[in-house]
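Since the structure comes first, as structure tokens, the remarks are kept for the end.
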Ligand SMILES: [Zn+2]
């Protein structure tokens, strides 16, 4: 029996700020039964989604963690494809962090792509609010520091049976992320750099967040080849020995089941 709320996470793009021959930049696909939404849509992601025959004509929403190009560059071609190839008539819901809608408008204006705004339904999702319905999920956000200009939304996506996926954007070491991701069935977070760098995580720092959050399992993404190999994985696992953790591979599909109920106290 297939549950209509069966939840699947797919890593569309696990690369960081530039794609490789086989890895798109940031993009995460969330399927809930026959409903689909995306978190981030960096360059290379649209081609990967098309290769996987993703249902781009009936996306529920695209949630952007922030407006660095490796997280939204393929939004523009996606909107054009939906409009002119697929004949989509309904605007595509697009969610950005608080304060970043105006920034997106400015970017589209600079790109002579303001028509994109006619074909999306653009909203901001403020961190810390009660859950908002976005397609088949209830979404909350936490704002994380990233660069001097942009904060990042991590998104917590919950389906009707309570199963929860947390997808983070780029951030440095954070106490807010583990608190936000606590007890999720799946936590997806970046592990970008081999040595500490402001606004990003090393595998060890990512592992420490996983250890503090105690999700059912964790996937590391936004990593550059040849990072993501056995040495980096060993570092991440050493920091969170009790939670299964792995580097996400392009196209990897992960069925996400509810966590076993725990007895309070
Ligand atoms: Zn990034």
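Just so it is clear, none of the values below were taken in a lab; they were calculated from the coordinates. Owing to the predicted nature of the structure, the values given are computational and were not obtained by experimental measurement.
Classify the range 118-190 from the C-alpha gyration tensor, please: rounded if a/c falls under 1.5, else prolate or oblate depending on whether a/b exceeds b/c. Since a/c reaches 1.5 but b/c is at least a/b, the shape of the range 118-190 is classed as oblate. How big is D, in µm² s⁻¹, for the chain by Stokes-Einstein at 25 °C and 0.890 mPa s if Rh is the Kirkwood radius over C-alpha pairs? Stokes-Einstein gives a translational diffusion coefficient of 134 µm²/s. Just how far, in whole angstrom, is the range 77-100 from the range 8-23 if you go by their alpha carbon centroids? The distance from the Cα centre of the range 8-23 to that of the range 77-100 comes to 21 Å. Computed over the chain, the per-residue total of -39500 (n - 2.57) for DSSP H runs of n ≥ 4 gives a 222 nm mean residue ellipticity of -6000 deg cm²/dmol, rounded to 500.
Could you give the alpha-carbon Rg of the range 220-262 over 2.2 N^0.38 Å, rounded to two decimals?
Rg over 2.2 N^0.38 Å, computed on Cα atoms: 1.37.
Percent of alpha carbon pairs in the range 1-137 separated by more than 22 Å? Don't jump to the answer; show the numbers that get you there.
Numbers: 3336 of 9316 pairs.
I get 36 percent for the Cα pairs in the range 1-137 exceeding 22 Å.
In plain terms, the chain from residue 89 to residue 179 could stretch by 28.4 nm, reckoned as 0.36 nm per residue minus the Cα-Cα distance. P(r) tail, the range 1-72: Cα-Cα pairs separated by more than 21 Å, 23% of all pairs. A Cα-only calculation for the range 17-56 places Rg and Dmax at 10.4, 31 Å. Using only the alpha carbon atoms of the range 147-265, find the Kirkwood hydrodynamic radius as the inverse mean reciprocal pair distance, in angstroms to one decimal. One decimal place: 14.5 Å for the Kirkwood radius.
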